[in-house]
Amino acid sequence: MTTEFVDVLFLTCLAWLFAHELDAIKQHEWRILPLTSWMRDDAGYVVFVLLHIPLMVVIILALPSQTFQVGMDMFLILHGGLHILFRNHPAYTFNNALSKMLIFGVIPLAILHLLLLLI
């Protein structure tokens, strides 16, 4: 595979994650996360959204790092497992087809990217 293909594949994985984060706002994910689940909805929403600003800056700055890319691939794979663990939480609402596709559909792409990086 070409380096360009591997780079585009990784960017696709990130775009997939970013789309999931947009859906996470609709699904009120702050109600599930230990850091924000205790907050009132209005405060949890604000904290959840604002914490994504430094998170996105770190991701953008780290893009060229192969170590970061491997870590992100592993996170995307484990992220699906976290959603499985939280699926019985009373506030969990990622039950529609789009949410499931955004959570689990990226896993094969992340595995492929990881394999291509490591071979």
Fill in the blank from the handout: Over all directions, the chain yields a Cα convex hull whose mean projected area in nm² is 7.5 nm²
Exercise for the section: Can you tell me the order of 102-111, 55-64 when each peptide is scored by its average per-residue count of other Cβ atoms within 10 angstrom, highest first? Expected result: 102-111, 55-64
Fill in the blank from the handout: Least to most buried among Trp16, Trp30, by other C-beta atoms within 10 Å and fewest first, runs Trp16, Trp30
Fill in the blank from the handout: Taking Lys and Arg as +1 and Asp and Glu as -1, residues besides Phe48 with C-beta under 14 Å from its C-beta add up to -2
Practice task
Only Lys, Arg, Asp and Glu count, each charged at its Cβ (+1, +1, -1, -1), so figure out the dipole size of the chain about its Cα centre, rounded to 20 debye.
Solution key: 320 debye
Exercise for the section: Report the relative contact order of the chain, percent, no decimals, based on alpha-carbon pairs under 8 angstrom and at least 6 residues apart. Expected result: 41 percent
Practice task
Would you kindly derive the ³J(HN,Hα) couplings of region 66-80 from the backbone phi angles with the Karplus curve 6.51 cos²θ - 1.76 cosθ + 1.60 (θ = phi - 60°), listing them in order in whole Hz, with x for Gly and Pro?
Solution key: 5, 4, 4, 4, 4, x, 5, 4, 5, 4, 4, 5, 5, 4, x
Problem - DSSP loop trypsin sites (Lys or Arg not before Pro) with at most 13 other Cβ within 10 Å: longest gap in the chain - result: 41-86
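Here, each number is a calculation from the coordinates, and none is a lab measurement. On a predicted model such as this, the values are computed, not experimentally measured, just so you know. Virtual Cβ from ideal backbone geometry, glycine too; neighbours counted across all protein chains shown.
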